[in-house]
1. Taking Val47 as the residue in question, decide whether it is in a loop (DSSP other than H, G, I, E, B) and surrounded by 12 or more Cβ atoms within 10 Å (Cβ to Cβ).
2. Considering only the stretch 61-108, state which residues are surrounded by fewer than 20 Cβ atoms within 10 Å (Cβ to Cβ) and of a type in the set (Asp, Glu).
3. I need a count of the residues in the stretch 32-55 that are out of contact with any Leu (no Cβ under 6 Å at 6 or more places or on another chain) and under 17 Å from Gly82 (Cα atoms).
4. Given Asp206, Asp200, Asp251, which one is touching a strand residue (DSSP E or B) at 6+ places or on another chain (Cβ under 8 Å), surrounded by fewer than 22 Cβ atoms within 10 Å (Cβ to Cβ), closer than 30 Å to Leu10 by Cα and acidic (Asp, Glu)?
5. Determine which single condition Gly174 fails, assuming it passes every other condition in (1) surrounded by fewer than 22 Cβ atoms within 10 Å (Cβ to Cβ); (2) under 21 Å from the mean Cα position of the chain (by Cα); (3) part of a helix (DSSP H, G or I).
6. Quick check: is even one residue across the stretch 221-234 under 22 Å from Cys189 (Cα atoms), outside any loop (DSSP other than H, G, I, E, B) and either at pLDDT below 95 or among the β-branched types (Val, Ile, Thr) (or both)?
7. In a loop (DSSP other than H, G, I, E, B), crowded, with 16+ Cβ neighbours inside 10 Å and hydrophobic (A, V, I, L, M, F, W, C) - does that describe any residue in the stretch 27-44?
8. List every residue pair whose Cβ atoms sit under 7 Å apart, with the two residues 6 or more apart in sequence or on different chains, where the first one lies in the stretch 77-101 and is closer than 21 Å to Leu30 by Cα and the second, anywhere, is part of a loop (DSSP other than H, G, I, E, B) and β-branched (Val, Ile, Thr).
Amino acid sequence: MPLDPASHALMDELSADGGPPPSELTAPILRLGDMVLAGFSGPGPEVGAVTDLRLDAADGTFRIRVIRPTSTPESIVVYYHGGGWVLGDIDLQYDHMARELANAARSTVVLVNYRKAPEHRFPTALEDSWTALTWVAQHADDLAPAGVPLVVAGDSAGGNLAAVMTLRARDRGGPHLAHQVLIYPVTDCRTDRLSFLEPDNQLFLDRDTIVWLWDQYLPDEQARTQPEASPLRAASHANLPPALVYLAAYDPLHDDGLAYAGALRAAGVPVRVEVAETQMHGFFQMAGILPGYEAGIRLVSEHLTTSLSRPTKEPTRG
């Protein structure tokens, strides 16, 4: 199926100024683009409550945002936003997205504003993500009714962080995670899979930008092969929580996500793979911009409410 017309129009608008590619710009300049897209999206819907908190890390602090739905929460979703570990912010498009997800999935959504590269390189984002997850687990009864399932979710680089959180939670004996939602995740440091090289996929995110983002996050190429940077390379994917892997057809990262879904399945993890056939990378943050966004929120929300209503067996730790 062809790329949808709204995505074509957005790419035409973003490229109209004829400026240099993202890989030739600096992180502070690129971050201005987050504000532009947030202006297109506008504010999110009303929710039950919003609370901003600051958590302590070993070498600083970072923020989280707790968004409660208008209904009684039936789950808690810890959400790690995308942006190549360099871009993205919980005050902009992801606030809009999280509000819609909270109401639609009847879930308390916790957005994690992990610190960004290149100012804060690997493993800072990873450690902030873990600190946030363990804090949420410790305070779960304050965030939702006692005993509701705990989920990790994220898109792109945030999907990478969410996947690594499941590995850590398994290997460190908790917290218990009921599900994982990985939206076009980065799962490996390789950039030579077919979807990376496909000309039609070089749109909102292209291969050159992915290489540049890795350089900002973790310059040591050999270190990128460790499972906490490339979760596809974990020695085992057994005993991880059930997964929704949600991909975009026009995305360099498509094959990354497909490979990770295959690794989970091979290890006996229940996996649902969905592909947004007419969408490009980034559609899940494009509130009010791309029609794929509304369909994406609906798919993820319905999947969570259906999947989490079924009893789940706590996985064996290993």
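The values are calculated or read from the model by the stated rules, or taken from the named source; none is laboratory data. As the structure is a computational prediction, the values presented were derived from the model and not from experiment. Every residue, glycine among them, receives a Cβ derived from its backbone with ideal geometry; neighbour counts consider all protein chains shown.
1. Criteria met by Val47.
2. Residues satisfying the conditions are Glu74, Asp89, Asp91.
3. 6
4. Only one candidate passes the filter, namely Asp200.
5. Answer for Gly174: the failing condition is (3).
6. yes
7. no
8. His81/Ile90
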